[in-house]
Amino acid sequence: PTLLSLAVTEARVSAGKSGATAAVQRLTALSQRARSLGLVSYDLGAHLAIGEVQTQGGMKDRARAGLEAVRRDARQMNYKLIARKADALLSAKPAH
């Protein structure tokens, strides 16, 4: 789990250099790995990071749909912090 967490952080940080698309691909693979290991919180965390990267990369419509799903799933599974983080990203005012 620690390596998954580190990899998610690494992908989030490297999005500025490698671009949003590459970061999303990496985070998607990490999400699938977490899901296959039964690590729900890491799967949700990877999806949260995808929404964050997409928002920062100008893919706001795609980010919104994904973040709404993360918020819903996190609430249903009682991962309150992840749900609050998704909510915060959804309600953030766009930067100009």
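The values are calculated or read from the model by the stated rules, or taken from the named source; none is laboratory data. Treat the numbers as computed from the prediction; the structure is a model and nothing was measured. Glycine gets a Cβ as well: all are built from the backbone with ideal geometry, and neighbour counts include every protein chain shown. Side chains are part of the model used for accessible areas, which takes the heavy atoms of the whole protein and leaves out ligands, DNA and RNA. Shrake-Rupley method; radii C 1.70, N 1.55, O 1.52, S 1.80 Å.
What are the residues in the range 18-54 that are more than 10 Å from the chain's Cα centre (by Cα), more than 19 Å from L3 (Cβ to Cβ) and surrounded by 14 or more Cβ atoms within 10 Å (Cβ to Cβ), if any?
A20, A22, listed by residue number.
Test of understanding: among R71, R75, R26, R84, which residue is part of a helix (DSSP H, G or I), basic (K, R) and at pLDDT below 95?
On the way: R71 fails: at pLDDT below 95; R75 fails: at pLDDT below 95; R84 fails: at pLDDT below 95.
Result: R26 is the single residue among R71, R75, R26, R84 that is part of a helix (DSSP H, G or I), basic (K, R) and at pLDDT below 95.
Mind checking which pairs have a first residue in the range 2-18 that is closer than 13 Å to A46 by Cα and a second that is assigned to a helix (DSSP H, G or I) and basic (K, R), Cβ under 7 Å, 6 or more apart or different chains?
L4/R33; A11/R26
Would you check which residues across the range 40-56 are within 18 Å of M77 (Cβ to Cβ) and of a type in the set (D, E) and list them?
Initially, the range 40-56 is screened for residues within 18 Å of M77 (Cβ to Cβ), giving 40-51.
Listed by number, the list holds a single entry, D43.
Going through A15, A34 one at a time, which residue ends up being farther than 21 Å from L90 by Cα and either in a helix (DSSP H, G or I) or in contact with a strand residue (DSSP E or B) (Cβ under 8 Å, 6 or more places away or on another chain) (or both)? Give the derivation first.
Values: A15 fails: farther than 21 Å from L90 by Cα.
None of the other options fit; the residue is A34.
Please give the number of the condition M77 fails out of (1) open to solvent by 80 Å² or more (accessible area, probe 1.4 Å); (2) within 11 Å of the chain's Cα centre (by Cα).
The one condition M77 does not meet is (2).
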